[in-house]
Amino acid sequence: MKPFQVRVTNEKTELDTKIASLKDFINHTQFATLNGDEQKLLSQQLEVMIQYSNILGERILGWHVT
């Protein structure tokens with residue numbers, strides 16, 4: 001792999017770990033103690049993180065197709 005491919009692959013791995021942690025937090029009872037605005041922002045953050053991860057995944061898959 002080229003250096004930038006390694007960086008992107010590592011970035012996706014780290015991002016996926018953060019996504020899993022945020023999902024765990026959202027499913028934890030402590031999330032319910034946050035005010036509605038904070039809950040909404042964290043949920044939006046999760047959505048964007050998932051979209052970003054999917055984009056990185058598509059890039060990585062593209063390297064194997066070409």
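Some points to look at:
- For the chain, the carbon plus sulfur part of the accessible surface works out to 56%, probe radius 1.4 Å.
- Å² per residue, accessible surface of the chain at 1.4 Å: 76
- Positive-end residue, the chain charge dipole about Cα centroid, Cβ charges, pick of Pro3, Gln51, Phe25: Pro3
- Summing charges over all other residues whose Cβ lies under 12 Å from the Cβ of Arg7, with Lys and Arg as +1 and Asp and Glu as -1, gives +1.
- Calculated Kirkwood radius over Cα pairs in Å (choose from [x] 13.2; [y] 12.0; [z] 14.3), label: [x]
- Rough spin-label spacing in nm, given labels placed 7 Å along Cα→Cβ, for Thr29 and Leu61: 4.0
- Under the criterion of Cα pairs below 8 Å and six or more residues apart, the relative contact order for the chain equals 50 percent.
- Rounded to the nearest 20, the size of the Cβ-charge dipole of segment 1-42 about its Cα centre is 240 debye, with Lys and Arg at +1 and Asp and Glu at -1.
The values are calculated or read from the model by the stated rules, or taken from the named source; none is laboratory data. Not measured: the values here are computed from a predicted model. FYI the Cβ positions are ideal-geometry reconstructions off the backbone, even for glycines, and counts take in every protein chain you see. The protein model used for the area step is the full one, side chains on, heavy atoms only, and it has no ligands, DNA or RNA in it. Shrake-Rupley method; radii C 1.70, N 1.55, O 1.52, S 1.80 Å.
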